[in-house]
């Protein structure tokens, strides 16, 4: 004979499991963590990957923002073409990057102390334009430059994230990729070959982060 009391017990168990999963998911994200996008849905994204791709077949990212977890929801501070530096809800961020896959770059414990100041620094740039020229000297920002600037100022360490020399050449050659030649000609500036820069894939390789899907 079946025990009729099993049904409430099973329901309670399912509710507890669901609650545990919900708590686990919400605790995954912390303010100051980074959110990365891997996507090659446009010529711009494909060309970014072409000159920043990892040599060891690791993930290649084309966009990054800084997460802010608040009582009213989860948001992302990011720099995007046409909009500049903006404050976006996580859902809107997901919708805008629906063609890509999202990963979280979780700050390791000893670096979490910089998260609040990094977010404040990033938010101080809200409304500023997008840095199409990838130039550290102007007061404009591209996505990974915004992240770099935020943590460099929060930590007082200009090398918190590395800024290797940029290259816009075809791999293994001394020729610039045609996309980038046309891109910088349209801007009316020289190709910033060899100048310091930062990119989402490079940021993701930092030992200060743990990449989670």
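Considering only residues that are touching a residue at least 24 places away in the same chain (Cβ under 8 Å) and either in contact with a helix residue (DSSP H, G or I) (Cβ under 8 Å, 6 or more places away or on another chain) or in a strand (DSSP E or B) (or both), which ones fall in the stretch 180-201? Result: 180, 183, 192, 196, 197, 198, 199, 200, 201.
Those residues that are in a loop (DSSP other than H, G, I, E, B), more than 15 Å from residue 201 (Cα to Cα) and more than 16 Å from the chain's Cα centre (by Cα), I need them from the stretch 152-167; list them, please. Before you say what the answer is, go through the steps one by one.
Looking only at the stretch 152-167, we keep the residues that are in a loop (DSSP other than H, G, I, E, B), and these are 156-164, 166-167.
Now restrict to residues that are more than 15 Å from residue 201 (Cα to Cα): 156-160.
Hits for the stretch 152-167 are 156, 157, 158, 159.
Here residue 72 passes the criteria (1) in contact (Cβ under 8 Å) with a residue 40 or more places away in the chain; (2) at negative phi except the one numbered (1). The residues listed here are 139, 117, 149; of these, the one that is within 16 Å of residue 204 (Cα to Cα) and free of Cβ contacts under 8 Å to residues at least 40 places away in the same chain is 149. Looking at the structure I just gave you, is residue 125 modelled with pLDDT of 95 or more, in contact with a helix residue (DSSP H, G or I) (Cβ under 7 Å, 6 or more places away or on another chain), surrounded by 17 or more Cβ atoms within 10 Å (Cβ to Cβ) and in a loop (DSSP other than H, G, I, E, B)? The answer is yes for residue 125.
Taking the condition farther than 30 Å from residue 180 by Cβ, modelled with pLDDT of 95 or more and part of a helix (DSSP H, G or I), does residue 114 pass?
Values: farther than 30 Å from residue 180 by Cβ: yes; modelled with pLDDT of 95 or more: yes; part of a helix (DSSP H, G or I): yes.
So residue 114 passes the test.
Selection within the stretch 178-210: residues that are in contact with a strand residue (DSSP E or B) (Cβ under 7 Å, 6 or more places away or on another chain) and under 17 Å from residue 44 (Cα atoms). The member of this set that is surrounded by the most Cβ atoms within 10 Å (Cβ to Cβ) is 200. Every test in (1) under 20 Å from residue 65 (Cα atoms); (2) in contact with a helix residue (DSSP H, G or I) (Cβ under 7 Å, 6 or more places away or on another chain); (3) touching a residue at least 40 places away in the same chain (Cβ under 8 Å) is passed by residue 164 save one, and that test is (3). Being modelled with pLDDT of 95 or more and either exposed (fewer than 15 other Cβ atoms within 10 Å of the Cβ) or assigned to a helix (DSSP H, G or I) (or both) is a description that does not apply to residue 134.
The values are calculated or read from the model by the stated rules, or taken from the named source; none is laboratory data. Owing to the predicted nature of the structure, the values given are computational and were not obtained by experimental measurement. Cβ sites come from the backbone with ideal geometry, for glycine too, and all protein chains shown count toward neighbours.
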